[in-house]
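Undergrad: Would you mind keeping the following structure in view while I ask a few things?
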Amino acid sequence: MSQRVRVRFAPSPTGPLHIGGVRTALYNYLFAKKHGGDFILRIEDTDQTRYVENAEQYIIDSLEWCNIPFDEGPASTALSNPSKGNYGPYRQSERKHLYKKYADLLLENGWAYIAFDTSEQLDAHRKQHEEEGKTFIYNWHNREKGRLVNSLVLSDEEVQKRIESGENYVVRFKSPENETLILEDEIRGQITIDTNILDDKVLFKSDGMPTYHLANIVDDHLMEISHVIRGEEWLPSLPLHVLLYRAFDWQAPKFAHLPLILKPVGKGKLSKRDGDKLGFPVFPLEYKNEQTNDVSRGYREDGYFSDAFVNMLSLLGWNPGTEQEIFSLEQLIEAFDLSRVSKSGAKFNPDKTKWFNQQYMQQKENNELADLFAAILKEKGIETELSFVEKGIALVKERAVFVSDFWKLSHFLFQTPETYDEKAVKKQWKEQTGSILEEVSSVIESIDEFSSGHIESIVKEWITNKEIGFGKVMQPLRLSLVGALQGPHLFDIIEMIGKQETLFRIQKIRSELS
Ligand code: GLU
């Protein structure tokens, strides 16, 4: 690759960023970093009717949470070196003044024309075509027939007059007739398109605003973008984009269209509705719609680790060619290759997402998890030494998917059980149980070296000598300490809560149940 790799993520700030968008950003980032290039965030906000106030900040916060920083982006918010390069501003609304000149260039060289048709006129054409069982396309087959009002059929004076009188107009691209375009996509290979099926897309409007197509191509060119990596939904725009590069006589970047992320069940693209129905988020962060006050769940707020989330996303459409599933961001940069991105859609699997979180949970350092869990404990009014929290986490971590699971897995390490599982009591609490526990209690009281292994050997030796049967002792003992027949190794619990609390809990259950 001779040209410096420069890629961009170019979202429109129209609402929260769907996980498909996060994956696009991620693949762009991985590709850029793999090739020692730049990852650019460009905000495509030319469509003011769809503009949503907090969406840009949401996008930036999401990238930050995912730890995929951009090298260049909106100046006030770039995460690293905002002034690197000379390609700003990075919001299209702030680049508005740039685009007219390019629309004019296309008009001058005959690749575009001015059209005055009003939306009512266009609607009438559409309606009439529909009635005749046809589809109305504004292009070569009707643009010069006289029924459409444009600079291809009007005289120059007439065009000038209309513009000067303030009539609204648009600049349309003049798609070539009878040509077979051969397009290259890094993921899909060659795509052949007959230009006769293309419509003459609007590039610019008389209000001074470019449309997505013009702004996108001009900016990719001015920002020296080498590779356009974006979602499959933009594939239909590819012929026009390639033609625009030709019309400007610019070298086109390479294109790669990523596969869709599909619903877990059924067919089609993963939507927010699927998430609502099946109970998982489709957005990285929680999002509040200011208009409706509707709050959408986010992976962050649902307790996912961002590295687990990113790892899961990386494999939705790309595979490393090996069985490896757990990748750090550095490993992803190393392994990522566009040629291993699949053409077909990737089915989203919410259970797999949980699996990733659990895997990451096991890898995390206990002291890191202790900080997170301590915050939850604090909310419950429990403040304990971090080393104690850490020790508790080591006991239950194996079964936790989220940090929030720690409470239900280990609450008995932090507080005396208030109630006892009724079913367990019915099954385990026999006539002689109270007195057995009284005896165990004095055995435990006599132990000086209060370590799990030592307590275990003494208590087990006592049970063996007494010939009581393990279940008769261990189950009620567990019930007294945990409140249910659950939890980690019993002697580890005893060591953690200490002798005094152990004896207190045995005493408590005896007085409540005997
Ligand atoms: N603004 C487009 C979007 O919202 C960008 C498409 C592209 O990357 O060219 O996804």
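Undergrad: Is it true that SER62 is away from the ligand (no atom under 13 Å from the Cβ), under 24 Å from the mean Cα position of the chain (by Cα), of a type in the set (Ser, Thr, Tyr) and surrounded by 17 or more Cβ atoms within 10 Å (Cβ to Cβ)?
TA: So SER62 passes the test.
Undergrad: Another question, then. When you scan region 146-167, do you find a residue that is out of contact with any Cys (no Cβ under 9 Å at 6 or more places or on another chain), over 21 Å from ALA247 (Cβ atoms) and at pLDDT below 95, even just one?
TA: Looking through region 146-167, at least one residue is out of contact with any Cys (no Cβ under 9 Å at 6 or more places or on another chain), over 21 Å from ALA247 (Cβ atoms) and at pLDDT below 95.
Undergrad: ILE447: over 54 Å from the mean Cα position of the chain (by Cα) and part of a loop (DSSP other than H, G, I, E, B), yes or no?
TA: So ILE447 does not fit the description; no.
Undergrad: Still on this structure, I have one more. Taking region 11-36 on its own, how many of its residues are in a loop (DSSP other than H, G, I, E, B), under 15 Å from the mean Cα position of the chain (by Cα) and away from the ligand (no atom under 12 Å from the Cβ)?
TA: 1
Undergrad: Related question: For region 337-440, give me every one of the helices (runs of 4 or more DSSP H) that falls completely inside it and has 2 or more residues that are aromatic (Phe, Trp, Tyr).
TA: Output list reads 350-363, 405-410.
Undergrad: Does VAL218 fit the bill of being closer than 18 Å to LYS201 by Cα, touching a Phe, Trp or Tyr at 6+ places or on another chain (Cβ under 6 Å) and within 16 Å of the ligand (Cβ to nearest atom)?
TA: Judged against the criteria, VAL218 is a match.
Undergrad: Next question. Among the listed residues HIS241, HIS257, which satisfies the condition of being touching a residue at least 60 places away in the same chain (Cβ under 8 Å) and either assigned to a loop (DSSP other than H, G, I, E, B) or under 26 Å from HIS213 (Cα atoms) (or both)?
TA: HIS257
Undergrad: Oh, and also: Taking the options TYR138, TYR87, name whichever one is buried (at least 18 other Cβ atoms within 10 Å of the Cβ), in contact (Cβ under 8 Å) with a residue 12 or more places away in the chain and either part of a loop (DSSP other than H, G, I, E, B) or touching an Asp or Glu at 6+ places or on another chain (Cβ under 9 Å) (or both).
TA: TYR138
Undergrad: Hey, which of the helices (runs of 4 or more DSSP H) in region 267-335, taking only ones fully inside, have at least 3 residues that are in contact (Cβ under 8 Å) with a residue 40 or more places away in the chain, out of contact with any Pro (no Cβ under 9 Å at 6 or more places or on another chain) and crowded, with 18+ Cβ neighbours inside 10 Å?
TA: 306-314
Undergrad: I've got another one for you. Can you find, within region 173-232, the residue that is surrounded by the fewest Cβ atoms within 10 Å (Cβ to Cβ) among those that are assigned to a loop (DSSP other than H, G, I, E, B), among the hydrophobic types (A, V, I, L, M, F, W, C) and within 29 Å of the chain's Cα centre (by Cα)?
TA: ILE187
The values are calculated or read from the model by the stated rules, or taken from the named source; none is laboratory data. Nothing here was measured: the structure is a model prediction, and the numbers come from that model. In this analysis, Cβ positions are derived from the backbone assuming ideal geometry, glycine residues included, and neighbour counts consider all displayed protein chains.
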